[in-house]
Amino acid sequence: MASATTMPRVSPATFLPAIALTALAVGIFALWMHPAVLDPSNVGWLMVGSDRGQAMIGLAAYLREGSGAWPVTLTPLLGAPDGTALLLTDSIPLLGILLKPFAAILPDGWQYVGLWYLACLLLHVFFAWKLIRPHAPDALGAWLGTALLTLFPPLLNRWVHASLASQWLILWGLWLFIESDRERRPLAWAALLVLTALIHNYLLLMIGAIWASAVLRDIIRGPGRAQTLMIALATGAIVLAAAATHGVFGNHYASTGDYGAFPMALDAWWNPAHPTYSALIPASSENDGRGFEGLQYLGAGLLTLVLAAAALLAIRRDRTAIPDAVIRLRWLLPAFLVLILLAIGPQGLWRGVPLFTLPVPTVVIDTLDPVRAAGRLAWPVTYALALSAILIVVRWRHGSLILAAALAIQLIDLAPMIGAIRHRSAEADQPAHYPRTPDPRWEALVASAARIDFQPPRVRADLPVMHEVTLRAILACRPVNFTYTARQTPAAVARLTSERAGYRKGMIDPTRLYVLLRDSVPPALADRIKVIDGVAVIPPSARAKPASCE
């Protein structure tokens, strides 16, 4: 009798890299975030007036009642009656498109933010490893380098934006760029560009800059079929970039005039910007917009590594000290120069103080409004700098030891930053679903209205109250007149202005619930005011029609 075919034996060592990388990602996540953020039913920690709360609300509204495929993923529940594009709520269109077919069986009002953070760390570690391992003499050095590249302050600081925590997309782009056999794979670039466009428009601009550099390199190196394919892909990428930047095809959004308000400082690589973020390097005190959007701080460990790599190159002065992967990055310099100039903007900051201010015409400010949070645009440059230092040092005779020392310094330096973020995320462990408006009367009040109108329609009037009432409205399938979006159309601005003027005159719709966000009450409406949880409201006085999505 013939013996059965023997199955090949798989050594447990085969899985060690995957186990080690997963442990690294989970370990960093445990330092960075409280585990309670992973529970989809924990919503209260997002209802504090943050962008991550708005992202959760945007996806919940789209899954409750939304239509269209990207880039016209719209929900009529937000910004009624015009509706709002999912992208403009800082949500992730990719999740909306993937989950919409299952909306009927998904729980209403669940949060995805914590799970997305974990997924981002797992992918970040994976692509960092893919970048470093082929150029490291051993797995230990590669693992240490991967840990250093993941303990990256601009990444950790993005806990406020779930979509912008997807910086693994930048590593993916660098990975495609570095290896010559991948640079001529237009389908791989297309997949990355489309996926990035479905996550965040700023990241698309960054990936687009890396990809355009690959196109430039391909054209300069010589014509051929690859060049034709890359140029054809360029046209598609320009369309994707335009669509993502403006939110949806065919719409135009009013300029905020804020370009230059959120820049990268000239000393951003070694300035933590927040005095409480670094244990080893002093920071200048900067306003939150500059210190947050413009944060490009490397951390003391990576800074030490950059200086060590620079010292090595200065001492040896020969090409063999520079890995080929780092040499290939020189093709990114033109794109990086553009990103840096956009990130710095018209005002150069040093230690929080302007060194110069360039006069910029209004038309330029308005044109650059889609990238008004420009300080973040330099992330690919900062990643490339950190990666270059790691790739240079990891090949040294005692490279692993130096990387281990740098990792220890990085952990010590960033301990205050990581601790502060984890402390804030511990709010997810609190049972309150609506911490600002816990009164149970809100549900019936919201459900009885045809629409909820916030007055005044301003983001910073009382964002926690607006978020909590909006989430209740979504669950009851009731639209709201105003929501926190990246930008608004002139038509929406005109509508809100008209509604505001009518309200100030005492002209209101009897079927609507008016929520007054720290607003004065018109005399004609004073006798209709009720107060719940310290929030003044005007309840509807007429019966509303049944909700459209029930």
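The values are calculated or read from the model by the stated rules, or taken from the named source; none is laboratory data. All figures in this text were calculated on a predicted structure; none of them were measured in a lab. Methodologically, a virtual Cβ is constructed for each residue, glycine included, from the backbone with ideal geometry; neighbour enumeration extends over all protein chains shown.
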(request) Could you please let me know if Leu169 is assigned by TED's automatic domain parsing to the domain that holds Ala335, at pLDDT 80 or above, in contact with a Ser or Thr (Cβ under 8 Å, 6 or more places away or on another chain) and buried (at least 22 other Cβ atoms within 10 Å of the Cβ)? (result) yes
(request) Can you confirm whether the stretch 494-504 contains a residue that is among the hydroxyl-bearing types (Ser, Thr, Tyr), in a loop (DSSP other than H, G, I, E, B) and over 18 Å from Asp439 (Cβ atoms)? (result) no
(request) Could you check, for the stretch 424-438, whether at least one of its residues is charged (D, E, K, R) and out of contact with any helix residue (DSSP H, G or I) (no Cβ under 9 Å at 6 or more places or on another chain)? (result) no
(message) Given the criterion in the same structural domain as Ile402 (by TED's automatic domain parsing) and either on the phi > 0 side of the Ramachandran plot or free of Cβ contacts under 8 Å to residues at least 60 places away in the same chain (or both), identify the matching residue among Lys130, Lys100.
(response) Lys130
(request) Pick out the one residue from Glu468, Glu499 that is of a type in the set (Asp, Glu) and within 29 Å of Pro107 (Cβ to Cβ). (result) Glu468
(message) Can you find a residue that is at pLDDT 90 or above, within 26 Å of the chain's Cα centre (by Cα) and of a type outside the set (A, V, I, L, M, F, W, C) anywhere in the stretch 508-523?
(response) no
(request) Being at pLDDT 95 or above, of a type in the set (Gly, Ala, Ser) and either over 28 Å from Leu46 (Cα atoms) or under 28 Å from the mean Cα position of the chain (by Cα) (or both) narrows it down to one of Ser400, Ser388, so name that one. (result) Ser388
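Can you say whether Arg52 is touching a Leu at 6+ places or on another chain (Cβ under 9 Å), touching a residue at least 12 places away in the same chain (Cβ under 8 Å) and under 21 Å from Arg424 (Cβ atoms), as far as the supplied structure shows?
yes
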(request) Among what's in the stretch 524-537 and is outside any helix (DSSP H, G or I) and loosely packed, with under 12 Cβ neighbours inside 10 Å, pick the residue that is farthest from the chain's Cα centre (by Cα). (result) Lys530
(request) Output the residues belonging to the stretch 52-77 that are more than 14 Å from Thr470 (Cβ to Cβ) and outside any strand (DSSP E or B). (result) Arg52, Leu63, Gly66, Gly68, Ala69, Trp70, Pro71, Val72, Thr73
(request) Give Ala237, Ala268, Ala308, Ala325 a once-over and let me know the one that is within 27 Å of Phe177 (Cβ to Cβ), at pLDDT below 85, of a type in the set (A, V, I, L, M, F, W, C) and in the same structural domain as Ala136 (by TED's automatic domain parsing). (result) Ala237
(request) Could you please tell me which pairs satisfy a Cβ distance under 6 Å, a separation of 6+ or placement on different chains, a first residue in the stretch 494-519 that is without any contact (Cβ under 8 Å) to a residue 60 or more places away in the chain, and a second residue that is of a type in the set (A, V, I, L, M, F, W, C)? (result) Gly506/Ala524; Gly506/Leu525; Pro510/Ala542; Arg518/Ala461
(request) Look through the stretch 358-399, keep the residues that are of a type in the set (Gly, Ala, Ser) and under 30 Å from Thr320 (Cα atoms), and return whichever of them is surrounded by the most Cβ atoms within 10 Å (Cβ to Cβ). (result) Ala389
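Taking only the stretch 466-480 into account, find how many residues are part of a loop (DSSP other than H, G, I, E, B) and surrounded by 24 or more Cβ atoms within 10 Å (Cβ to Cβ).
Summing the residues that are part of a loop (DSSP other than H, G, I, E, B) and surrounded by 24 or more Cβ atoms within 10 Å (Cβ to Cβ) in the stretch 466-480 gives 2.
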(message) Taking the condition of being assigned to a loop (DSSP other than H, G, I, E, B) and either touching a His at 6+ places or on another chain (Cβ under 6 Å) or hydrophobic (A, V, I, L, M, F, W, C) (or both), how many residues in the stretch 253-293 meet it?
(response) 14
(message) Can you find, within the stretch 340-395, the residue that is nearest to Ala147 (Cα to Cα) among those that are of a type in the set (Lys, Arg) and in contact with an Asp or Glu (Cβ under 7 Å, 6 or more places away or on another chain)?
(response) Arg376
(request) Quickly run through the stretch 361-411 and pick out the residues that are over 23 Å from Ala165 (Cα atoms) and charged (D, E, K, R). (result) Asp366, Arg395, Arg397
(message) Considering only residues that are surrounded by fewer than 17 Cβ atoms within 10 Å (Cβ to Cβ) and modelled with pLDDT of 85 or more, which ones fall in the stretch 540-550?
(response) Ser541, Ala542
(message) Quick check on this structure: which one of Ser50, Ser91 is buried (at least 21 other Cβ atoms within 10 Å of the Cβ) and at pLDDT below 90?
(response) Ser50
(request) Name, by its number, the condition in (1) touching a Leu at 6+ places or on another chain (Cβ under 8 Å); (2) in contact (Cβ under 8 Å) with a residue 40 or more places away in the chain that does not hold for Val72. (result) (1)
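Yes/no per residue for (1) surrounded by 15 or more Cβ atoms within 10 Å (Cβ to Cβ); (2) in contact with a strand residue (DSSP E or B) (Cβ under 6 Å, 6 or more places away or on another chain); (3) of a type in the set (Gly, Ala, Ser); (4) in a helix (DSSP H, G or I):
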{"position": "Leu401", "(1), (2), (3), (4)": "no, no, no, yes"}
{"position": "Ala408", "(1), (2), (3), (4)": "no, no, yes, yes"}
{"position": "His433", "(1), (2), (3), (4)": "yes, no, no, no"}
{"position": "Asp439", "(1), (2), (3), (4)": "no, yes, no, no"}
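A quick yes/no check of all residues on (1) outside the structural domain of Thr150 (by TED's automatic domain parsing); (2) closer than 23 Å to Tyr434 by Cα; (3) in contact with a Pro (Cβ under 6 Å, 6 or more places away or on another chain):
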{"position": "Asp39", "(1), (2), (3)": "yes, yes, no"}
{"position": "Trp45", "(1), (2), (3)": "yes, yes, no"}
{"position": "Ser50", "(1), (2), (3)": "yes, yes, no"}
{"position": "Pro81", "(1), (2), (3)": "yes, no, no"}
{"position": "Ser91", "(1), (2), (3)": "yes, yes, no"}
{"position": "Cys120", "(1), (2), (3)": "no, no, no"}
